[in-house]
Structure formats: C-alpha cells, structure tokens
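Written out below as structure tokens is the structure these notes cover.
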Ligand code: GLV
C-alpha cells in the first residue's frame with residue numbers, strides 16, 4: 001500500500017513533487033491559513049497517515065498523537081521544534097525531525113544583520129517619514145543614526161545562525177563577544193570572537209545584542225526587565241529566534257522609557273499578536289517571522305524536511321531526528 005503523508009499547509013512545490021515522485025500519497029491542507037489543532041485532529045482521525053509534515057505554527061502534542069496512532073513520524077518544516085512535545089512522542093515511539101537547512105540559517109543571519117543596520121541607520125522611521133510627505137529638504141540634524149564600525153556585537157547563542165552573524169559582523173568592522181552553553185572555537189579563531197561566561201557579563205558591553213538561542217525553559221524570558229537594565233541605553237536588541245525568549249511587555253517598557261535605544265523583532269511572544277503598545281513605538285522594527293523567507297532557504301527547507309520522510313519510508317533513520 002502507498003505511504004501516506006499529510007502536510008499542514010502548502011510548502012514549496014519542490015518538496016511535494018519529491019514525495020509524489022516516490023509514489024507516496026500526499027494530502028495538503030487546502031486552505032491558506034494556520035490549521036487549528038481541532039481541524040488537524042479531525043483530518044488525522046479520518047485517514048491513516050504514515051507521516052505528517054507540520055509547521056512551527058502547529059501545536060503537536062498528545063492530542064495529535066492520540067488522533068493518529070499509526071503516524072510514526074512528524075517532521076517540522078523549521079529549524080526550531082518547540083511547538084512539538086518531544087518527550088510525549090518518545091514515550092509513544094514516535095519520531096520527530098526538524099529541517100535545519102543551511103540556507104535557512106543563512107537567511108535568518110542575513111535578516112538579523114539587516115535589522116541591525118536598519119536600526120543603526122533608522123531606515124524604517126526615515127522611510128515612513130518620506131512616505132508621509134514630511135520631507136521638506138535636507139537637514140543637517142535629521143535622522144542622526146549611529147555607525148556600526150567599531151561597535152560591539154553581543155551574540156546570545158553562537159550556533160549555526162549566531163556563527164554566521166559573527167562572520168558578517170566582522171566584515172562590518174565590529175568587535176564580537178558571545179555567550180553560549182558551549183564555546184564556539186570557529187568564531188574565536190576566525191573572527192576573534194571573545195567568549196563571556198554569562199549574559200550578565202555580555203549585556204553591559206554590547207552595542208547590539210542579537211539573540212540566537214532555541215526556546216527552552218532556560219531561555220524563556222531570558223531578556224527581561226533586569227537584563228534590559230544591564231544594557232547600554234544606546235544599545236539595540238535584535239530577536240530573530242523565538243518570541244518568548246523576550247519578555248515583550250518588559251521590552252515595551254524598556255523602549256518607552258529609553259532604557260535601551262531600539263529593537264528589531266522578527267518573532268513575538270504571543271505570535272501573531274503583539275503586546276499592547278509595541279506597534280506604536282518608533283524605535284522598533286517589526287517583521288512577521290520572515291527570517292528564513294528566501295526562495296533558496298524555503299526550497300532547501302522543503303528538501304531537508306522531505307528527505308527525512310523519504311529516509312524513514314525507505315527504512316533508514318532520518319537525518320534530523322531530535323527526540324532520539
Ligand atoms: C523558523 O523560525 C525556524 O525555526 O525555522
């Protein structure tokens with residue numbers, strides 16, 4: 001019998017074609033919206049899928065596993081996998097894989113970099129100013145930003161994405177300091193990044209703080225009121241990791257009270273909702289979780305995700321299992 005795969009929202013055709021070319025039966029949620037957990041339960045109860053390709057917007061937990069007792073593989077179309085209950089899956093003998101495409105790390109690193117540059121040069125505020133017809137001629141004191149050259153980048157997390165940000169930052173003439181649970185000798189050797197053993201040591205020294213950690217119990221609200229107060233008042237925060245790593249309410253307060261100079265956020269604590277007051281601030285840049293949204297990255301993510309399914313169906317251990 002043909003293997004059956006359910007995909008919770010349309011992904012690039014390349015991935016769907018790879019599955020179909022193998023002769024698998026592929027069903028894709030037909031609506032262009034986030035599937036509710038109720039809808040997913042109902043779909044899984046109706047048909048016996050062998051694997052599910054889900055998204056970071058899907059909550060995959062005991063309710064889903066129970067609805068699909070024969071589904072033994074869930075692949076998340078993302079690098080992060082905090083939306084799935086790994087332990088519960090393991091108890092039930094279900095495998096969970098992610099899709100850590102190199103080009104997705106690249107795209108997210110580029111997005112973080114763009115946010116840093118845009119904050120320093122006040123690009124978004126200035127764009128808005130021109131569009132509103134407020135530009136009346138060159139002004140020597142207008143939209144004074146800050147240079148990047150010679151500034152210190154504080155990386156919180158120096159894994160695949162943080163590491164790429166460090167390489168680019170070096171090219172811009174920044175000094176790089178970083179903190180992580182393990183040292184990254186590659187960035188120490190190649191860009192002279194300096195390891196600091198705690199976030200408390202990093203924050204007062206950094207002009208730009210960029211977050212590149214997964215969402216774990218230990219990283220939830222890693223950036224909180226106390227930590228904002230440890231940053232320089234001229235410093236910027238960039239978050240392209242996961243929203244709940246930042247206490248968003250405390251961030252709004254810090255931005256309003258000019259405890260820090262600004263922030264660039266691609267992810268939000270209660271995504272897609274924003275905490276009250278955030279969107280009104282002019283010292284923030286907000287993008288809708290599009291860090292990995294390049295053609296190249298999304299295609300490679302589809303390939304990596306689907307290869308996990310193909311390996312599984314061909315009796316091999318998928319490459320990106322995260323709950324071994
Ligand atoms: C995006 O946020 C991802 O985890 O791939």
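Using label points projected 7 Å from each Cα along Cα→Cβ, tell me how many nm separate residue 92 and residue 17, to one decimal.
According to this spin-label approximation, the distance is 3.4 nm.
Using Cα atoms only, what is the angle between the long axis of helix 102-121 and the major principal axis of the chain, expressed in degrees (0 to 90) to the nearest 10?
Orientation of helix 102-121: about 20 degrees from the principal axis.
If the viscosity is 0.692 mPa s and the temperature 37 °C, what Stokes-Einstein diffusion coefficient in µm²/s follows for region 168-324 when Rh is the Kirkwood radius over Cα pairs? Working shown, then result.
Details: Rh = 17.6 Å.
The Stokes-Einstein estimate is 186 µm²/s.
Using every pair of alpha-carbon atoms in region 234-309, split the distances into 10 Å bins beginning at 0 and state the percent of pairs per bin, rounded to integers.
18, 44, 22, 13, 4
Report, to one decimal in Å, the Kirkwood hydrodynamic radius for region 110-149 based on all distinct Cα pairs. Before the final figure, lay out each step's value.
Numbers: mean 1/r = 0.0898 Å⁻¹.
Kirkwood hydrodynamic radius for region 110-149: 11.1 Å.
Based on Cα positions only, what radius of gyration and what Dmax would you give for region 10-109, in angstroms?
Using the Cα atoms of region 10-109, the pair Rg, Dmax is 13.6, 41 Å.
Tell me the label-point distance for the pair residue 67, residue 2, using the 7 Å Cα-to-Cβ offset, in nm and rounded to one decimal.
It is 2.3 nm.
Per-residue ellipticity at 222 nm for the chain, helices alone: DSSP H runs ≥ 4 residues times -39500 (n - 2.57), over residue total, nearest 500 deg cm²/dmol? Don't jump to the answer; show the numbers that get you there.
Details: 12 runs with 117 residues, N = 324.
It lands at -10500 deg cm²/dmol.
Using Cα springs under 10 Å in a Gaussian network model of the chain, which residue among 172, 211, 237 shows the largest mean-square fluctuation?
Looking only at 172, 211, 237, the largest GNM fluctuation is found for 172.
State the Cα centre-to-centre distance between region 116-144 and region 1-79 in whole Å.
Taking the Cα centre of region 1-79 as reference, the centre of region 116-144 is 45 Å away.
What distance in nm separates the simple spin-label points at residue 167 and residue 218, each placed 7 Å from Cα in the Cβ direction?
That separation, rounded to one decimal, is 2.7 nm.
Given the options 177, 161, 144, which has the most mean-square fluctuation in a GNM of the chain, springs set between C-alpha atoms less than 10 angstrom apart?
144
For the chain, how big is the tail of P(r) above 28 Å, as a whole percent of Cα pairs?
On the way: 23877 of 52326 pairs.
Here the tail beyond 28 Å accounts for 46 percent of pairs.
Quick one: check the C-alpha center-to-center distance for region 188-215 versus region 257-297, whole angstrom.
Taking the Cα centre of region 257-297 as reference, the centre of region 188-215 is 21 Å away.
In degrees from 0 to 90, rounded to the nearest 10, what is the angle of the helix 160-171 Cα long axis to the longest principal axis of the chain?
Taking Cα atoms only, the helix is inclined about 30 degrees.
If you fit an axis through the alpha-carbon atoms of helix 37-46 and take the longest principal axis of the Cα set of the chain, what angle between them do you get, 0 to 90°, nearest 10?
Helix 37-46 and the main axis of the chain meet at about 20 degrees.
For a paramagnetic label modelled at 7 Å from the Cα of residue 276 toward its Cβ, which residues of region 226-255 fall within the zone defined by backbone nitrogen distances under 20 Å?
Of the residues in region 226-255, 247-255 have backbone N under 20 Å from the label point off residue 276.
Quote the FRET efficiency, to the nearest 0.05, computed for residue 134 versus residue 253 with a Förster distance R0 of 22 Å and r equal to the Cβ-Cβ distance.
0.20
Compute a Gaussian network model of the chain, connecting alpha carbons closer than 10 Å, and tell me which residue from 189, 271, 225 fluctuates the most.
Greatest mean-square fluctuation among the candidates belongs to 189.
Read the figures in this text as sums done on the coordinates, not as results from a lab. Since this is a predicted model, take the numbers as computed values, not measurements. Glycine gets a Cβ as well: all are built from the backbone with ideal geometry, and neighbour counts include every protein chain shown.
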